[in-house]
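The values are calculated or read from the model by the stated rules, or taken from the named source; none is laboratory data. Source: prediction; values computed, not measured. Cβ: placed from backbone, ideal geometry, glycine included. Neighbour counts: every protein chain shown.
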Amino acid sequence: MLKYEDPSGQIGERPRLQVTLITGRTIDQGAGKEQGKASDEYRDSVSICHVDPEDLNKLGIKEKSNVLVSTAYGSVVVKAIKSPRAPHAGMIFIPYGPWANVVVNPETHSIGMPSLKGIPVEIEPAQDKPLLNLSELLKEQFRK
């Protein structure tokens, strides 16, 4: 549990889970990409995190709540959705895209591709943090 102050000034405890991140392609991600990476369809298809229903309960959140996913490489807010492929407690899935790129190890080990599977992450509720659009995410991550 992590102590935090919500926007109204109330002090509370926020549950955190240590889980494993898997990233990959989805049909929705591919279809959204066809609409353009600046489109709402693309953002909605890749700024999500598939979470096991048991883990949603452990976090004390409902589907479509914002969560903060953190690794040694970065942190990003995404929208938690109930995984259609449950049960898989202790594992989350984020589709390939800029939001996933924030939390994966950029090291490619001379093969030109970072490790995109089996990444230890921490996930916690983030109702008080906004889900950034692509422009905002790029500015926050790369100061451009």
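Only residues that are modelled with pLDDT under 90 and not in a helix (DSSP H, G or I) were counted across region 24-57, and they come to 7. Here the condition is being modelled with pLDDT under 95, touching a helix residue (DSSP H, G or I) at 6+ places or on another chain (Cβ under 8 Å) and among the charged types (D, E, K, R); of 144, 139, it holds for 144 alone.
Among the residues examined, residue 100 does not qualify as more than 17 Å from residue 25 (Cα to Cα), touching a strand residue (DSSP E or B) at 6+ places or on another chain (Cβ under 9 Å), among the aliphatic types (A, V, I, L, M) and in contact (Cβ under 8 Å) with a residue 24 or more places away in the chain. As a summary of the residue check, residue 8 satisfies the conditions (1) within 23 Å of residue 96 (Cα to Cα); (2) at pLDDT below 85; (3) assigned to a loop (DSSP other than H, G, I, E, B) except for the one numbered (1).
Note on region 92-107: residues that are surrounded by fewer than 19 Cβ atoms within 10 Å (Cβ to Cβ) and not in a helix (DSSP H, G or I) amount to 4. The single condition among (1) buried (at least 19 other Cβ atoms within 10 Å of the Cβ); (2) in contact (Cβ under 8 Å) with a residue 60 or more places away in the chain that residue 141 does not meet is (1).
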